[in-house]
Amino acid sequence: MGPVRGHKKKRKVEKKVEKDSLASGSSENGSADWWEMLSKRIAGNVSPSKGLDEFQSIFKMSRRTFDYICSLAEEHMQAKSAHYVFSSGKPMSLHEQVALAMRRLSSGNSLISVGDSFGAHHSTVSQVTWRFIEAIEEKGLHHIRWPSTEEDMTEIKSKFERIQGLPNCCGAIDATHITMMLSSSEQTADVWLDQNKNHSMVLQAVVDPDMRFRDVVTGLPGKLNENSVLQSSTLFELCEKGERLNGNKMKLSEETELREYIVGDSGYALLPWLLTPYQGRELSESKAEFNKRHLATRIVAQRALARLKEVWKMIHGMMWRPDKHKLPRFILVCCILHNIVIDMEDDVLDELPLPSHHHDPGYGQEVCESVDKTASVLRDNLSLHLTGR
């Protein structure tokens with residue numbers, strides 16, 4: 001399977017995701033009973049988080065959000081002929097299957113460890129988790145979508161501007177490495193070897209002010225730098241053609257206009273639709289002020305990737321010999337689940353600590369020297385505007 005890209009045409013969903021009706025609908029399946037039984041098995045394996053009950057500490061979401069995810073997965077997971085059972089022979093309910101799969105994704109523990117804590121064989125953990133990945137990829141992909149209306153984009157721009165005053169900003173872009181432990185005898189191992197001598201896969205994401213993923217690309221080798229990953233993406237193609245970030249311009253002065261753009265770090269080329277920070281130490285007051293505001297704005301992407309890895313620990317740390325054809329789909333589903341918690345306006349988000357911006361420990365800042373002249377003038381005009389000149 002090639003790179004998974006967040007550009008497929010997606011069905012628009014209501015902002016509230018019909019939260020209450022979805023949550024109440026699945027409670028008829030006896031969700032209280034399954035949790036009472038399951039919590040006794042796995043309670044000793046989880047340290048309670050401050051402000052969260054036992055369920056929220058394990059799954060990092062409310063039961064209402066969990067029930068919504070079950071409703072997404074139900075058709076696919078229940079339609080298949082396979083029937084999964086615990087080691088005791090007891091059949092697994094839908095809720096138990098979803099809990100098992102999400103525990104595998106969120107704990108980062110091995111198949112055997114997760115299976116032992118649930119009382120299930122490790123092969124069952126593997127099969128149920130993959131069935132869940134297929135289900136959420138099929139039914140939940142609409143939770144990752146580029147803003148489709150002017151109203152949506154206006155709200156995003158307004159929220160970004162409230163951070164540090166950058167006007168007409170539509171997103172923040174960044175990339176992170178998903179590291180893997182591969183056998184040295186594997187013929188294609190060197191393809192995945194990055195500059196830190198780790199085997200890794202890259203995840204690129206464009207994020208909105210609420211740390212929601214709006215566009216993702218994954219599946220490419222970690223040896224590629226940020227700018228190369230961007231250039232291989234459909235996002236790059238659409239922006240270069242003028243088919244994305246082509247909305248309303250704003251006037252900075254009588255002579256100058258500011259188009260829509262996203263912000264990224266110095267690992268990306270400076271482009272008319274992608275503004276990067278000024279490089280160098282001896283910067284003018286206006287350039288230094290621009291860099292300060294730019295950093296405060298783009299840090300939302302760093303924090304989104306950090307939270308993704310903190311909550312869905314399967315993609316954090318070193319993955320043991322993963323299937324590299326399936327791994328991009330695991331990463332994509334983790335991004336979908338990340339967005340679902342945000343879309344559901346889950347109260348658990350208020351209790352989670354603000355993530356750090358260090359999502360790629362051990363990897364230094366990349367620097368791309370490529371500068372588009374039109375973009376350079378645009379950035380200069382914006383920096384002067386921000387300092388009132």
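I want the antiparallel fraction of DSSP beta bridges within the chain, as a percent rounded to 5. Just about 75 percent of them are antiparallel. Only Lys, Arg, Asp and Glu carry charge here, each on its Cβ (+1 for the first two, -1 for the last two); on that basis the chain has a dipole of about 480 debye about its Cα centre.
Cross-link check: pairs Lys157/Lys373; Lys241/Lys309; Lys60/Lys326; Lys251/Lys373; Lys197/Lys324; Lys60/Lys324 evaluated at a Cα-Cα cut-off of 22 Å; pairs beyond the cut-off: Lys157/Lys373; Lys241/Lys309; Lys60/Lys326; Lys60/Lys324. Computed per residue of the chain from DSSP H runs no shorter than four, each worth -39500 (n - 2.57), the mean residue ellipticity at 222 nm is -14000 deg cm²/dmol.
Extension gain, Lys40 to Glu351: 0.36 nm times the residue separation minus the Cα-Cα distance gives 109.6 nm. The accessible surface of the chain, taken with every protein chain in place and a 1.4 Å probe, is 48 percent carbon and sulfur.
Rg and Dmax, both from the Cα atoms of segment 229-305 and both in Å, are 13.9, 39. Per residue, the average separation of C-alpha pairs within less than 8 Å and at least 6 apart gives the chain a relative contact order of 21 percent. Determine the shape class of segment 55-111: with a ≥ b ≥ c the square roots of the Cα gyration tensor eigenvalues, call it rounded for a/c under 1.5, and otherwise prolate if a/b is greater than b/c, oblate otherwise. Taking the square roots of the gyration eigenvalues as a ≥ b ≥ c, segment 55-111 is oblate. With the simple model of a label 7 Å out from the Cα in the direction of the Cβ, Ser183 to Glu240 spans 3.9 nm. Here the label points at Ser113 and Asp152, each 7 Å from Cα along the C-beta direction, are separated by 3.8 nm in the simple model. Using only Cα atoms, what is the ratio of the radius of gyration of segment 188-332 to 2.2 N^0.38 Å? This ratio for segment 188-332 stands at 1.19.
What's the FRET efficiency of Gln231 with Glu282 using the Cβ-Cβ distance as r and R₀ = 51 Å, to the nearest 0.05? Once rounded, the FRET efficiency stands at 0.95. By the Cα gyration tensor, segment 74-164 has an equivalent ellipsoid whose semi-axes, rounded to whole angstrom, run 37, 16, 9 from largest to smallest. Its residue count N fixes a reference of 2.2 N^0.38 Å for segment 286-389, and the Cα radius of gyration divided by that reference is 1.43. Once backbone amide H atoms are built at 1.01 Å from N, Tyr261 has Cys170 as its partners under 5 Å, excluding neighbours fewer than 5 places away on the same chain.
Based on the Cβ-Cβ distance of Glu369 and Gln195, what FRET efficiency does E = 1/(1 + (r/R0)^6) give at R0 = 25 Å, to the nearest 0.05? Rounded to the nearest 0.05, the efficiency is 0.90. Dipole orientation for segment 241-325: of the candidates Asn246, Leu283, Thr256, Asn246 has the Cα lying most toward the positive pole (charges on Cβ; Lys, Arg +1; Asp, Glu -1). Looking at the chain, the accessible area is 46 square angstrom per residue; that uses a 1.4 Å probe and ignores ligands, DNA and RNA.
For the chain, the spread of Cα coordinates along the three principal axes comes to 73, 52, 38 Å, biggest extent given first.
Treating each Cα of segment 88-244 as an identical point scatterer and summing with the Debye formula, the log10 of I(q)/I(0) at q = 0.19, 0.20 Å⁻¹ comes to -1.19, -1.23.
The values are calculated or read from the model by the stated rules, or taken from the named source; none is laboratory data. Please read these numbers as outputs of a predicted model, since none were measured by experiment. Using ideal geometry, Cβ is built from the backbone for each residue, glycine included, and neighbour counts are taken over all protein chains shown. In case anyone asks, the SASA skips ligands and DNA or RNA and just uses the protein heavy atoms, side chains included. Shrake-Rupley method; radii C 1.70, N 1.55, O 1.52, S 1.80 Å.
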